[in-house]
Amino acid sequence: MKNDKIIKEMGEGLILRRGMVEDAQNLAEFNAKLHSDDGPSQPDQGIAAWVDDLTTRPHPTFDVSDFTIVEDTKTGEIVSSMNSIPQIWSYAGIEFQVGRLELVGTALAYRNQGLVRTQFDWFHQFGADRGQKMGVITGIPYYYRQFGYEMGLALGGGRAGSITKIPKLKKDQREDFMVRPAEPCDIDFMSKLYTASLERQLVGCLRSKDMWNYELSGRSEGSAVAEKLRIIETLDGSPVGFLVHPPMLWGSKLSLLVFEIKDGISWLDVTPTVLRYLQSEGTAYAARGEDAQFDSFGMSLGVEHPVYDVIPARLPEVINPYAWYLRIADLPEFLRLIGGVLEQRLLNSPLVGHSGNLKLCFFQTGILLTFTRGNLSKVETYKPEHAQDGDVLFPDLTFLQVLFGYRSFDEVERAFADCYARNDHGRALVKFLFPKKPSNIWSIV
């Protein structure tokens, strides 16, 4: 064992260390068993392929040492593991570094010994040293709250409909558009279109050219996170849009994960072709699977998307989103980072030119924002002297829901009896500084 890879001696023969290339096969097998929906006796080969990609293939942002491993030195076995995948997100155009925690798990016999907490603690410090402003994770209900995370961004959500809702071509009618596999020469087009789409969202994930190439050809076909990227083009070969979907049915449904078209092209013109493409692909996927059935299509494009308003009758089913867990280690620092966004929101509100303080009370701690003629001149912490020492009160980490546009202040106030504004200026400032705005994150994995 290389001593520089050992992070901590944990007692009872357990060590916490960083991953190495030599761990690739064991990590793949460990995670395939641990994260299988069918139990460890039926390992998930899609998970195994994903882990193998992360540990043996070049990834634009990730290295095998971004895994942590708890090893039982008495047996040499991996008994707990997780990783963090670096990426860059944006908040209203302000870029910041993020660590996406993934593949968290502990062997049954070693649970309830604090192994996951120890790894989270290490990753939190490691992320801070890397300059990461936020940690994010998707996962089971409640669990990650105990490590300082709050459900603060919508995850997924969308619309769906029966394949009987897909319009058929009329006799002698031909498609006006075609859908084909994306190629490296399409990256600039997709990247520009994707970047433009982020303007509809508050929070988005940025993608480098290397990441686009990785999506096209860097993953194993059987990976649990592999996706199909497709170009929508006119019959003469001019690209007008792109879409992303999984290479499989989810249950009996084939869903779009990304669907964008360029300005000047009607969604109403393009969408019927895309729906018929989904029907063709879904039918083919069902034919390859034993006892598989394809009977519906989905638009897993977040809470809001232009296509929902274009074909509402074909998308009668509303799919409610789950949520991302978020952790901001230094909230005052993050608020300073997005200070220009807050100032612009004031400028575009009835509070333009406002001077004064806004005390956000979290009961045990608080943050004081000072505005001078509409400029955010100071952000600092304070210690509340009593339970109502603030203009606006937020229990636990509920402020993150408002900060990231996941819920409006009014919605959080209705949901939590101990969340409320104590005065008019506090209510008005929170309303205009932190408006509700949707986000649909296509994250890096």
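Odds and ends about this structure:
- Taken together, the residues in segment 167-195 that are under 15 Å from residue 259 (Cβ atoms) and either at pLDDT below 95 or aliphatic (A, V, I, L, M) (or both) amount to 4.
- Residue identified as surrounded by 13 or more Cβ atoms within 10 Å (Cβ to Cβ) and in a strand (DSSP E or B) among 294, 259, 334: 259
- Single match in 360, 351, 376 (criterion: part of a loop (DSSP other than H, G, I, E, B), aliphatic (A, V, I, L, M) and in contact with a strand residue (DSSP E or B) (Cβ under 9 Å, 6 or more places away or on another chain)): 351
- Residue in segment 266-280 that is under 21 Å from the mean Cα position of the chain (by Cα), at pLDDT 95 or above and not in a strand (DSSP E or B) present: no
- Annotation for segment 380-390: no member residue is crowded, with 17+ Cβ neighbours inside 10 Å, closer than 23 Å to residue 91 by Cβ and outside the structural domain of residue 87 (by TED's automatic domain parsing).
- Pairing each residue of segment 420-445 that is among the hydroxyl-bearing types (Ser, Thr, Tyr) with any residue that is part of a helix (DSSP H, G or I), provided the two are 6+ apart or on different chains, yields C-beta distances under 8 Å for 420/413.
- Selected residue (only one of 244, 240 is in contact (Cβ under 8 Å) with a residue 40 or more places away in the chain, within 19 Å of residue 278 (Cα to Cα) and out of contact with any Ser or Thr (no Cβ under 9 Å at 6 or more places or on another chain)): 244
- Residue match in segment 367-374 (condition: touching a His at 6+ places or on another chain (Cβ under 7 Å) and surrounded by fewer than 19 Cβ atoms within 10 Å (Cβ to Cβ)): yes
- Scanning segment 1-22 for residues that are outside any loop (DSSP other than H, G, I, E, B), modelled with pLDDT of 95 or more and in contact with a strand residue (DSSP E or B) (Cβ under 8 Å, 6 or more places away or on another chain) returns 6, 7, 8, 9, 10, 14, 15, 16, 17, 18.
The values are calculated or read from the model by the stated rules, or taken from the named source; none is laboratory data. These numbers come from a predicted model, not from an experiment. Cβ sites come from the backbone with ideal geometry, for glycine too, and all protein chains shown count toward neighbours.
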